[in-house]
Amino acid sequence: MSNTLFLLSDVCQNQVIRMRPEDSEEEILGGVILNRIVGIAYDKLDFCQFNKESIRTLTMLKQYYEQQYDVFVRKLSIVADILSSLDIQYAFLKGAVLTPTLYKRGQRISNDVDILIEACNVTKVHNLLCENGFVQGSCGSDGLIRSASRREIIHAKINCGETVPYLRYFNNDLVEVDVNFSLDSAAKRTEQCMRDMLERCIQIPLNNTLCIPTLDQVDFFIHLCCHLYKEATTYEWLVHRRDLMLYKFADINIYLHTYGNELFFHCLCSRVKSFELEKECYYTLANSIIIYPNLMSIAGLNNALNELRPNNTDYMRVIFSPMEKRVYEHGYCFKDWFECRNRIANLTSIVAQL
Amino acid sequence: MKLISTQDKIKLIVSELISLSENEISAEDKLMNLGIDSLMTVELIIRIEEQFDIEFDEAELDIGLLTTVQALIDLVERYV
């Protein structure tokens, strides 16, 4: 099943992907939806192999992805406009940059707008967003915004190195802003790294009238790698099966096919080593190649992998629980781990306390 | 009436959290050595905010900086 899903999530290859005899329609359909790759897979599926209900569902979802693209660009403009009054360095991240710049309309869906700031500026951004009507909380299935308790806000900051998302409706569009201030849950370790990255921010055009700040090409990729590693190796993400969603690897794939070359990888290795982020970046690159072997044709990637490869790669099978303060491991290769239906049940605790 | 100092109030809050006598807690003590992990730190911060009727800025809630009882005292004194 995973091989077919991998092929269906490859936005850089145009061929139609046929299901193999061992694939089940239900699993492929579910996998495409849960991995948030409907927008990519829709154009590659061989619909002759699917029943009408499946096709109807996929078509509705594809249309939803396209509508959400327009909504997301609108949301992005609103947030960019609000943040433009800030007198600090900040950068838009992840889907906020990738969805409108690298993907075609409807290929990728983004639910929230991620920004990166230094930890010391959290209060400034908090105040600005609150002055503009945002509240920290979550949105229920009824569409109502539920304010986070003080305990939830403090817990997120102290234990997860995160802020609770900021939400506000603009007309009927729910705008969610995620404020990031670290590359992992240990904010201290990456404080200098954050500062350095933000000082090198660049402006990119979102449309004819709007430019948004983001990290420079190499730093943006480092952040993507670190973020993917963090989520793939955090216990709480495994619990909700959000640890290895293919859309994150699709981001790596499209990014490297767009910007990857000898110079890019040379700069990447240099920056990664200076920040001591070899583990995070190697994890992402090595596993992305398993999903998308075509990446190896990009000049410079093989050398970069060799250069960044840590002496011991056992850490790639280690899962952390910041909440429980525990460390776990599993014994699977990446592909089997991706296919594993109950990852939690296949973890072994290796350290009682972090 | 005797006024209770910020230091004494914080020590009292810490002592209640970990069921230890106030006298056994000094400002120099590391929270970790008192058995206060990051999950308990959340509880500690909530109790301090309630007792002093303050709300810390999120930027100040840095587990890497709030490592000792003295760090908590210093933080509170910026607000009261």
Work from the charge dipole of the stretch A:205-354 (Cβ charges, +1 for Lys and Arg, -1 for Asp and Glu, about the Cα centre) and give the residue of A:Met323, A:Leu308, A:Phe264 farthest towards its positive end.
A:Met323
Where is the GNM fluctuation largest for chain A (alpha-carbon springs, 10 angstrom cutoff): A:Ile289, A:Ile212, A:Ile109?
A:Ile289
Counting DSSP beta bridges in the protein assembly as shown, what percent are antiparallel, to the nearest 5?
80 percent
For the stretch A:290-354 and the stretch B:41-68, what is the separation of their C-alpha centers, rounded to whole Å?
35 Å
Just from its helices, what would the mean residue ellipticity at 222 nm be for chain A, if runs of 4 or more DSSP H residues each count -39500 (n - 2.57) and the sum is divided by every residue, rounded to the nearest 500 deg cm²/dmol?
-14500 deg cm²/dmol
Rg/Rh ratio calculated on Cα atoms of the stretch A:94-216 (Kirkwood radius):
0.97
Across A:Lys157/A:Lys279; A:Lys44/A:Lys273; A:Lys62/A:Lys335; A:Lys75/A:Lys335; A:Lys52/A:Lys230; A:Lys279/B:Lys11, pairs whose alpha-carbon gap is larger than 29 Å:
A:Lys44/A:Lys273; A:Lys75/A:Lys335; A:Lys52/A:Lys230; A:Lys279/B:Lys11
Nearest-20 debye value, the protein assembly as shown charge dipole, Cβ charges on Lys, Arg, Asp, Glu
1120 debye
Name the residue from B:Ile4, B:Leu72, B:Val14 whose Cα lies farthest towards the positive end of the charge dipole of chain B, charges +1 on Cβ of Lys and Arg and -1 on Cβ of Asp and Glu.
B:Ile4
Using alpha carbon centroids, what distance separates the stretch A:22-84 and the stretch B:1-40, in Å?
53 Å
Using the Cα centre of the stretch A:220-354 as the reference point, and only Cβ charges (+1 on K/R, -1 on D/E), how large is the resulting charge dipole? Debye, rounded to the nearest 20.
220 debye
About the Cα centre, charge dipole magnitude for the stretch B:1-51 (Lys/Arg +1, Asp/Glu -1 at Cβ), debye:
140 debye
Measuring from label point to label point, each 7 Å out along Cα→Cβ, what is the A:Asn261 to A:Met1 span in nm?
4.1 nm
On each of the three principal axes the extent of the alpha-carbon atoms of chain A, given in whole Å and largest first, is 56, 49, 42
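Read-outs: derived from the displayed coordinates by stated rules, not from any lab. Not measured: the values here are computed from a predicted model. Glycine gets a Cβ as well: all are built from the backbone with ideal geometry, and neighbour counts include every protein chain shown.
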